[in-house]
1. Only one of these is surrounded by fewer than 18 Cβ atoms within 10 Å (Cβ to Cβ) and at pLDDT below 95: G90, G102, G135. Name it.
2. Considering only residues that are part of a helix (DSSP H, G or I) and β-branched (V, I, T), look in segment 27-44 and name the one that is farthest from Q143 (Cα to Cα).
3. Can you find a residue that is within 23 Å of L182 (Cβ to Cβ) and either surrounded by 14 or more Cβ atoms within 10 Å (Cβ to Cβ) or of a type in the set (K, R) (or both) anywhere in segment 55-72?
4. Could you pull out the residue among L125, L29, L95 that is outside the structural domain of T158 (by TED's automatic domain parsing) and touching a residue at least 24 places away in the same chain (Cβ under 8 Å)?
5. State whether the residues of segment 3-13 include one that is of a type in the set (G, A, S), assigned by TED's automatic domain parsing to the domain that holds S110, touching a strand residue (DSSP E or B) at 6+ places or on another chain (Cβ under 8 Å) and buried (at least 22 other Cβ atoms within 10 Å of the Cβ).
6. Is it the case that segment 144-153 has a residue that's within 27 Å of I25 (Cβ to Cβ) and in contact with a Lys or Arg (Cβ under 9 Å, 6 or more places away or on another chain)?
7. Restricting attention to segment 45-60, report how many residues are over 19 Å from the mean Cα position of the chain (by Cα) and either touching a residue at least 60 places away in the same chain (Cβ under 8 Å) or outside any helix (DSSP H, G or I) (or both).
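The values are calculated or read from the model by the stated rules, or taken from the named source; none is laboratory data. Remember, predicted model here, so these are calculated numbers, not experimental data. Cβ atoms come from the backbone with ideal geometry, glycine included; neighbour counts cover every protein chain shown.
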Amino acid sequence: MPHDLLLFDLDGTLSDPLEGIGRSINYALTHFGFPEQTMTDLAAYIGPPLDESFRAITGIRDAVDIEALVAKYRERYAEVGYSENVLYPGIAEALDSLGRAGMPMAVCTSKRVDFAEQILQMFRLRHHFRFVSGGEIGTHKWQQMAALRSQNQVTPSTVMVGDRAVDMVAAHRNGLTAAAVLWGYGSPAELRAEAPRYCFAAPDDLLQLRGLQRDSDTI
């Protein structure tokens, strides 16, 4: 077995979260007097931690104000936003195949863990994963992954599978293998700059991680 664990990002990798995240961001922005953003503009904020996104959108640096925006966002997200996720075609089948092949899997997302658990349960995918690691405000993904390493939940033989540079950076900073997916929100240029070992153009290409299919496409 070349890898001991596949560690999946959630947003932009397993599911498309734009509608729920975008509407919930706008819900928070308008509550505090900021203009709504277009969904096209908000797509850039899929992946990084939520507090970083609100800082980038509003220019606010005060931690209390950012926490208030995050809390208002979560008000809508907890009620309806999480359910607006859409599973990418082919993901369920790919996870089923990897599971039948005996490949251990887990999730590492910047999203709060209870929301991640709700989404995975909604899609009936939770049983595939050994654990779900969720993010907290003020914690970078590489720090989140460093905690997993310190707990021996991931190792240098683990592959981090994600759609944004933040996933690749987190993997490399912690000595993991990085695998980029092209169906999410990271551009090929963004991903290429982080030099992932693998690049997958479609969900069924994930089976290459068990040596079951052809070589992956290059970016």
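1. Criteria check complete, one pass: G102.
2. To start, the set of residues in segment 27-44 that are part of a helix (DSSP H, G or I) comprises 27-31, 39-44.
Those left that are additionally β-branched (V, I, T): 30, 40.
Details: T30: 31, T40: 29 Å.
Result: T30.
3. Checked against the condition, which is being within 23 Å of L182 (Cβ to Cβ) and either surrounded by 14 or more Cβ atoms within 10 Å (Cβ to Cβ) or of a type in the set (K, R) (or both), segment 55-72 yields no hits at all.
4. Numbers: L125 fails: outside the structural domain of T158 (by TED's automatic domain parsing); L95 fails: outside the structural domain of T158 (by TED's automatic domain parsing).
Matching residue, one of L125, L29, L95: L29.
5. Yes, some residue in segment 3-13 is of a type in the set (G, A, S), assigned by TED's automatic domain parsing to the domain that holds S110, touching a strand residue (DSSP E or B) at 6+ places or on another chain (Cβ under 8 Å) and buried (at least 22 other Cβ atoms within 10 Å of the Cβ).
6. Yes, segment 144-153 contains a residue that is within 27 Å of I25 (Cβ to Cβ) and in contact with a Lys or Arg (Cβ under 9 Å, 6 or more places away or on another chain).
7. Qualifying residue count for the region: 2.
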